[in-house]
Structures are given as structure tokens and as C-alpha cells.
Amino acid sequence: MTNVLLNATNISKSYHDAEHNLTVLKNISIQIERAQTVAFVGASGSGKSTLLHILGTLDQPDSGSLLFNGNELIGLSKIKQAQFRNKELGFVYQFHHLLPEFTAIENVAMPLLIGGINKKLALEKSAMLLEKVGLADRAKHQPNRLSGGERQRVAIARSLVNDPSLILADEPTGNLDSKTSMVIYELITKINDDLGTAFVLVTHNNELAQNMDVSYTLNAGVLALSNTTSEAK
């Protein structure tokens, strides 16, 4: 089996209105390997989030190819893309998007419950993931009783609940102070080491980016390699 998990080739994206034509991504090609950690950095508005959304099939490019385990994703129906996301991907955002009326463990379990998994089994798995992210004692707390860093750790646990091959994270430390950001980085590293989950992060945190296996800079629609810290796993 090839070590390449996700292979994007010549991805381009523009936005149009009556007066403007804005090209955000220009023929971007990138490979994400299994268990690799990757960062995208760049100025606000450079297209980092757009690229992440395309890699996650949340947005469609104007042109290009996107292969996951050798299978083309672009052109699949919305239903099949949703099935792919549910099976293979996890998502973490700057704003945790936890449901305020549910407890931490219920938030983590939600993707399983939506998928029809037995509630008892879903909660048991969610409890194990909360323990992994260091929040076993916060399982019954609602989001408003958690700190910002704890909410983000719940969001990371939720992203893991379907055993994804790849987690896509958009500014996962953007709302956190430097100390809490380091806790999140250490958690990502631990998950990557323990589970072999690949991570692709959009971040303004240069220290975080430099600690990923590979970091890229996106500027004027062009993606350029900016740092490689380790050999591919």
C-alpha cells in the first residue's frame, strides 16, 4: 500500500461576482502521507481555509484532482462525499462548535449517535476519548462550565470518535493563549503518535507550524514548502 493518504493535483479556485474575479488558489499540488502532520500558514485571506475545505470535500475546486487512498473524490455526489467525510475525516475549528445544551460526553458522542450507533456504546467510546484528552472528570460538564482549552479538547475528542485517518483543523489554537495552545499542540502530537492519525492544520501560530512534520506557506494563491522537521513516518 502506498504511503500517500491524500493527493491533490492542480487545485484551482476562483470567486466571481458582477465586478470582480478573485483567484484564491492557483494549480496547487500537495501530498499528505499517512500519520503525517502538516501545517498551512499565510496571511488572512490567503486561501488557507479554502484549501482546507477543498481537501475535506466541504468545497469544490474549479479544476484539479483530489485522491484519497487512490480514489477520486471530486465529482462524487454530495451524499457520497458526506459518507466519505464521516468515515475518513475529522474536523476541528477555531470556534469549537459544541452544542451548549449537551454535556461534553454527549457532544463527543454526537457523530456516532447521528450515525445510528447504540447510545450505550457511543457513550462508552466517548468516555474513553475524553480520558485520552485528559477530560475524564469533565464528561458531565456542559460547554459553559469548561475553559476555552477544555472546549477545544472536547472538540478534538469529537473529531476522533469515528476513527478518522485524517483530521483537518482550522486555527485550532486561534482563540487560546500561548500556554493553552501548547497543551493543544502536545495533545495533537500524542494523538498522532498513539493512533497514527494524520493532521493538516491551518494556523497563524508559527511555533506550532514549525513543529509539524511539514509546513507550507500560501501566498497569492501559490503553496510553497517552508519547513520540513522530520522524515516521513
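Here are the numbers:
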{"read-out": "Residues located in the range 22-37, provided they are under 15 Å from residue 218 (Cα atoms) and buried (at least 18 other Cβ atoms within 10 Å of the Cβ)", "value": "24, 25, 28, 30"}
{"read-out": "Only listed residue being part of a helix (DSSP H, G or I), modelled with pLDDT of 85 or more and among the hydroxyl-bearing types (Ser, Thr, Tyr), chosen from 180, 189", "value": "189"}
{"read-out": "Residue list for the range 7-43, filter: free of Cβ contacts under 8 Å to residues at least 12 places away in the same chain and either assigned to a loop (DSSP other than H, G, I, E, B) or touching a Gly at 6+ places or on another chain (Cβ under 6 Å) (or both)", "value": "17, 18, 19, 20"}
{"read-out": "Test: residue in the range 59-69 that is within 16 Å of residue 170 (Cβ to Cβ), among the hydrophobic types (A, V, I, L, M, F, W, C) and buried (at least 19 other Cβ atoms within 10 Å of the Cβ)", "value": "no"}
{"read-out": "Qualifying positions in the range 113-127 - surrounded by 15 or more Cβ atoms within 10 Å (Cβ to Cβ) and either closer than 24 Å to residue 34 by Cα or modelled with pLDDT of 90 or more (or both)", "value": "122, 123, 125, 126, 127"}
{"read-out": "Qualifying helices (runs of 4 or more DSSP H) (wholly inside the range 66-154; at least 3 residues being among the charged types (D, E, K, R))", "value": "78-88, 119-132"}
{"read-out": "Positions within the range 44-60 being outside any loop (DSSP other than H, G, I, E, B) and under 21 Å from residue 82 (Cα atoms), in sequence order", "value": "49, 50, 51, 52, 53, 54, 55"}
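The values are calculated or read from the model by the stated rules, or taken from the named source; none is laboratory data. What you see is a predicted model, and the numbers here were worked out from it, not measured in a lab. Quick reminder, even Gly has a Cβ in these numbers, built from the backbone with ideal geometry, and neighbours come from all protein chains shown.
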